[in-house]
Amino acid sequence: MTKRQSIRNFLLLAALMLFPVTFYYLSPYLIIRGGAEGILTGSAIMFLLMFLSALFFGRAFCGWLCPAGALQDGCAKVNGKKPRTPAWLKYAIWAPWLTGVVLSFVAAGGVKAADFFYMTDHGISAVGVG
């Protein structure tokens with residue numbers, strides 16, 4: 001294993017271990033809930049930053065920092081096979097989610113405020129969920 005792969009694996013493992021802390025900044029639920037109130041949440045800001053970084057750096061986030069990427073790599077090492085996902089599946093997941101995000105902001109009358117710590121207590125846990 002090259003030094004670069006070792007660094008990549010370390011960063012992926014760190015991202016996976018920190019997932020309980022970063023979960024709410026990668027949460028589609030908080031984006032839609034905040035959107036319904038016209039609030040641009042920290043989660044929405046993170047997704048926008050990931051989208052913009054993907055335009056310039058491709059899939060670097062998924063390959064180096066994404067907790068799901070760490071799980072995928074780990075499963076591939078245990079199973080010995082690369083994951084095979086149907087190409088249409090990403091559209092089946094993303095299209096309804098993005099539609100929900102847009103509709104929630106439209107129903108609220110647009111973005112009225114931005115709150116990076118929306119529904120988080122000390123930045124790591126959702127409060128008032130449920």
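Computed from backbone phi with θ = phi - 60° and the Karplus coefficients 6.51, -1.76 and 1.60, the 3J(HN,Hα) list for region 74-80 is x, 5, 5, 5, 6, 7, x Hz; x is used for glycine and proline. The phi torsions of region 51-63, fed into the Karplus equation with coefficients 6.51, -1.76 and 1.60 and a -60° offset, translate into couplings of 4, 5, 5, 5, 5, 9, 10, x, 8, 4, 4, 5, x Hz, rounded to whole numbers, with Gly and Pro shown as x.
Computed 3J(HN,Hα) for region 2-16, one whole-Hz value per residue from the Karplus formula 6.51 cos²θ - 1.76 cosθ + 1.60 where θ = phi - 60°, is 6, 4, 4, 5, 5, 5, 4, 5, 4, 5, 5, 5, 4, 4, 5, glycine and proline marked x. Under 5 Å between amide hydrogens, built in the peptide plane, is the criterion, and for Thr120 it picks out Val127 among residues at least 5 positions away or on other chains.
Within the same chain, lysines fewer than 8 places from Lys3 are excluded, and of the rest, those with a Cα less than 20 Å from its Cα are Lys77. Split the accessible area of region 1-105 by element, probe 1.4 Å, and carbon with sulfur accounts for 74%.
Among 9-19, 34-44, sorting by the average number of other beta carbon atoms lying within 10 angstrom of each residue, highest first, gives 34-44, 9-19.
Provide, for q = 0.19, 0.22 Å⁻¹, the log10 of I(q)/I(0) from a solvent-free Debye sum over equal Cα point scatterers in the chain. Log-scaled intensity ratios, in q order: -1.20, -1.36. Based on DSSP H segments of at least four residues, each scored -39500 (n - 2.57), the chain has a per-residue ellipticity at 222 nm of -19500 deg cm²/dmol. Between Ala114 and Leu40, the built amide H atoms are under 5 Å apart, and every one of these is 5 or more places off in sequence or on another chain.
The listed residues Tyr118, Tyr24, once ranked by accessible area (1.4 Å probe) with the largest placed first, stand as Tyr24, Tyr118.
The mean accessible area for residues of the chain, using a 1.4 Å probe and ignoring ligands and nucleic acids, is 70 Å² per residue. Of the residues Ala113, Gly63, Leu26, the one whose Cα sits farthest towards the positive end of the charge dipole of the chain is Gly63 (charges of +1 on Lys and Arg Cβ, -1 on Asp and Glu Cβ, taken about the Cα centre).
The values are calculated or read from the model by the stated rules, or taken from the named source; none is laboratory data. Since the model is a prediction, treat every value here as computed from it, not as a measurement. FYI the Cβ positions are ideal-geometry reconstructions off the backbone, even for glycines, and counts take in every protein chain you see. Accessible surface is based on the protein model in full, side chains and every heavy atom, while ligands, DNA and RNA are left aside. Shrake-Rupley method; radii C 1.70, N 1.55, O 1.52, S 1.80 Å.
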